[in-house]
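Before any comments, here is the structure.
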Amino acid sequence: MNAGVREALRDNDFHCFVFHDVDMIPEDDRNLYSCPEMPRHLSVAVDKFNYTLPYALLVGGVFSIRLEHFLAVNGYSNLYWGWGGEDDDMAYRIRYRKLEIIRPPETLARYSMIKHDHRPESPNAIRTALLRMAKKRSSRDGLNTVKYRVVWRHEHLAYTHLMVDIGKHHRWQFLNGQRLIINF
């Protein structure tokens, strides 16, 4: 996601970014994809969760954020691999910077999630440890440290399609069951 923002800013002066899971289908086109005064969680009511918000800090699914706020929180963490955790890490970054997560009414912010299986190996095994350390890492892990290589770039009228190589994931090591060591 950080690579996408970096590439978008390379040639354009964007001020608003919307991060959208590919399995989320909006049910109401009155839910505006815009960036108001604070970061905005757009997928408030999802069919998979019986159209209720599972927890207050959720920003996963569909999320919009102004460039100034994305820079202030240093973007997304680069340490999450597999499925899960990166959105909660972003919510913590927002909270640590004293920003508020706003939401449209549940009656507008309704989504259907395309059904798919989460493979057993998909959940990020160390996400809990990473989330505990989110505040300490946020200034050293994010937009300012993203490393990637553009494999190809196809520009279209309404969008740019990128393929980026982000390398291999980091190695993790727990010491005494307490400290997580990240080998870059």
*Which of S64, N74, Y96, positive extreme of dipole for segment 46-104 (C-beta unit charges)*: Y96
*Specify whether the C-alpha gyration tensor of segment 19-142 places it in the rounded, prolate or oblate class, a ≥ b ≥ c being the square roots of the eigenvalues: rounded for a/c under 1.5, otherwise prolate if a/b is larger than b/c and oblate if not.*
oblate
_In whole Hz and in residue order, list the ³J(HN,Hα) couplings for segment 13-25 that follow from phi through the Karplus curve 6.51 cos²θ - 1.76 cosθ + 1.60, θ = phi - 60°; x for Gly and Pro._
9, 6, 10, 9, 10, 10, 9, 9, 4, 5, 8, 9, 10
*In nm, what is the difference between 0.36 nm times the number of residues separating K147 and I102 and their Cα-Cα distance?*
13.2 nm
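Using the structure shown, select from K147/K168; K115/K168; K135/K168 the pairs with a Cα to Cα distance greater than 21 angstrom.
On the way: K147/K168 11 Å; K115/K168 28 Å; K135/K168 24 Å.
Pairs exceeding 21 Å: K115/K168; K135/K168.
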*How large is the helix-only mean residue ellipticity at 222 nm for the chain, computed as the sum of -39500 (n - 2.57) over DSSP H runs with n ≥ 4, divided by its residue count, in deg cm²/dmol to the nearest 500?*
-5000 deg cm²/dmol
_Relative contact order [Cα under 8 Å, 6+ residues apart], the chain, whole percent_ = 25 percent
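Rule-based calculations on the coordinates, nothing more; no lab input. This structure is a prediction, so every number in the text was calculated from the model and none was measured. A quick note on method: Cβ atoms are made from the backbone with ideal geometry, for glycine too, and the neighbour counts reach across all protein chains shown.
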